[in-house]
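Coordinate-derived values only; no laboratory data. Keep in mind that this is a model prediction, so the values were computed, not measured. No Cβ is skipped: glycine too gets one built from the backbone with ideal geometry, and neighbour counts run over all protein chains shown.
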Amino acid sequence: MSTREDGATRPPIESRAELIEWIAAGEKPREHWRIGTEHEKFVFRTEDFSPVPYEGPRGIRAILEEMINRFGWQPIHEGAHIIALKRNPGEPGGNISLEPGGQFELSGAPVRTIHETCQEIHEHLDQVLEVGEALGIGFLGLGHSPTWTRAETPVMPKGRYGIMANYMPKVGSRGLDMMFRTSTVQVNLDFADEADMVRKLRVSLALQPIATAIFANSPFTEGRPNGFLSMRSEIWRDTDNNRSGMLPFAFETGMGYERYVDYALDVPMYFVYRDGAYIDASGQSFRAFLKGKLPALPGEKPTLDDWSDHMTTLFPEVRLKKFLEMRGADAGRWRRLCALPAFWVGLLYDQAALDAAWDLVKDWTAEERQALRDGVPRTALKTPFRHGRVLDIARQAVAISREGLRRRNNRDEICGQEAEFLAPVERIVESGQTPADELLARYHDAWGGDVRKVFREYAF
C-alpha cells in the first residue's frame, strides 16, 4: 500500500472535473509506456519460522535500518517509526514499504523493459537476503502465510492500518486476513488515451481470474491445506465488496474516466491525512467531502492529495489510477515475479496482442466473468468454462502474450528476448499444475504433512 509524506499543501478541489483530469493526466504516448512491478513477501525467523515483529534487534525496523546503512536507502517516518524507504531523487530502485502484518514490499520504479524490472527485483532480493542472513531472517513468497494465526501475526505501526483494521470487520468477514496474512505480486501499466484505457481495463478484468489461476500459490492456512489453491484470492471475495470485485460497469456502453470517478466517489472513505497523522473517516463519503460536509473535517474540502489517497483504498481486480494495476496474482518465487509483468506486458503493450486478447474475451458475459472469479480460488486451472476449462483459456492467453513480447523485440545480451521471462508460466500451462498443486504434492509426499518445510525449500 502507498505511503504518504508531508509536502506542500495543494489547493482545494473546485470541481468534479479535476478528479477526471487527475486520471487523464496519466495518458502517455506508446514510447513512454513503462512497467512498474510490486511484490510482497513474508518475513520470518530462520530458526523457528516465526513471524518477525516491528521492534527489537532482529525486528522489521532493524531490517529497514540495515537497508539504510548498507545500501543508502532513505527513511520515511511516521512519528518516531520508520515505515518505508525511498531512494534519493534520480536513483533507481523504487520504494520499500510495509504491509499491515510486516509483509515486506518493493514498489518498483517505472522502467521500460521486462529486463529492467527483473534486474530491479534481483537487486532488491540480493539486498534483503544479505540483510536477512546477518539477522537470521528469511523471506518467503507465498499468497497466504502458511502457518501463522492472525493473533500471532505482528501489526506494523502505520496509522492508516489501525483505521482499516477497525473498519474491516464491519464490511466483510475476511478483511483482517487480507491485511495481515496475504501477499501479492502486481504490475502497473500505462495507457495512451481514454479508449486505450477502456480496452486494456476490459481485457485485464476479464483475464484477471486466468492470471489468478496460473499464479495460484496459497494452499495452506495455519499449518494444513485450506481447500483452496489461492486462499488469497478467496479472501478478497469477502473483504469489502464495496471496493473490490470485477467492475461489471466497465463493460457497459459509455465507460471511461468519468464513469470510474463516479464509482470511486461512491466507495466509502477510510481516512484523511493531515499534519503527519491519519484521521479516521471510515465509512464517510468523498462526495460529502467535496461539498465541505465530511463529518471528520467539517467545513474543509479535499485536495488532489486526498483524492490520490482515496484512490489507493479501492481494491478491484484491476485498479485504475494514473495507470492500470493488475491485482489478481499470489506472491511467488523469484522467477514468477518476473513472469507476471511479462504476461501482462505481452498482452497489453502490443496492439495485435491486445486485439487478439479482446477477441478472446469480448463475448463473455458478466455472469461468466463472475463465475470465473468465484471459481478459480478453489480449482484454478481446472475451473470449468463453457465447453472446457480455465486451462484452455490460459494456454491461449499465454500464447498471445508470447507473440506480443516477441513483436516488442526488446533483447538483452544475457536473457535474450523478453518472451523468455514467460518460461515459468508456460511450464505451468503446459503441465496444468499450478504452484499450489506443486506445494500440495510436496506436503503429501516429501514433507510428510509438515507445512513448515515450505520455509526452507521455498524461501528466497
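Descriptive notes on the structure:
- In plain terms, the chain from Arg112 to Asp193 could stretch by 27.3 nm, reckoned as 0.36 nm per residue minus the Cα-Cα distance.
- Using a Förster distance of 25 Å, the FRET efficiency for Asp363-Val171 (Cβ separation, nearest 0.05): 0.15
- Over the chain, Cα pairs under 8 Å with separation of 6+ residues give a relative contact order of 21 percent.
- Axial C-alpha extent at least 24 Å, average Kyte-Doolittle at least -0.5 - helices from the chain (DSSP): 114-135, 194-214, 390-408
- Left without a cysteine partner by the 4.7 Å Cβ rule in the chain: Cys415.
- Those lysines that a straight Cα-Cα span of less than 19 Å connects to Lys453, excepting residues fewer than 8 apart in one chain: Lys41
- Label positions at Trp334 and Arg30, each projected 7 Å from the Cα along the C-beta direction, are separated by 3.5 nm.
- Gain in span if fully extended, Thr9 to Ala151, counting 0.36 nm per residue against the direct Cα distance: 47.2 nm
- Ordering Trp364, Trp307, Trp344 by the number of other Cβ atoms within 10 Å of each residue's own Cβ, fewest first, gives Trp364, Trp307, Trp344.
- Three-way shape label, the stretch 373-447, alpha-carbon gyration tensor, a/c 1.5: oblate
- For a label point 7 Å along the Cα-to-beta-carbon line of Lys293, residues of the stretch 259-287 with backbone N under 13 Å: 285-287
- Cα gyration tensor category, rounded, prolate or oblate, for the stretch 165-269 with a/c compared to 1.5: oblate
- For the pair Ala371 and Tyr263, a Förster radius of 22 Å applied to the C-beta separation gives a FRET efficiency near 0.50, rounded to the nearest 0.05.
- Among the listed pairs Lys293/Lys322; Lys200/Lys362; Lys291/Lys322; Lys170/Lys293, those with a Cα-Cα distance over 18 Å are Lys293/Lys322; Lys291/Lys322; Lys170/Lys293.
- Once the C-beta distance of Glu222 and Ile279 is scaled by a Förster radius of 41 Å, the resulting FRET efficiency is 0.70 to the nearest 0.05.
- The dipole here belongs to the chain: it is taken about the Cα centre, uses +1 on the Cβ of Lys and Arg and -1 on the Cβ of Asp and Glu, and is about 680 debye.
- For the pair Asn241 and Glu55 in one chain, pulling the backbone fully straight at 0.36 nm per residue adds 63.6 nm over the alpha carbon distance.
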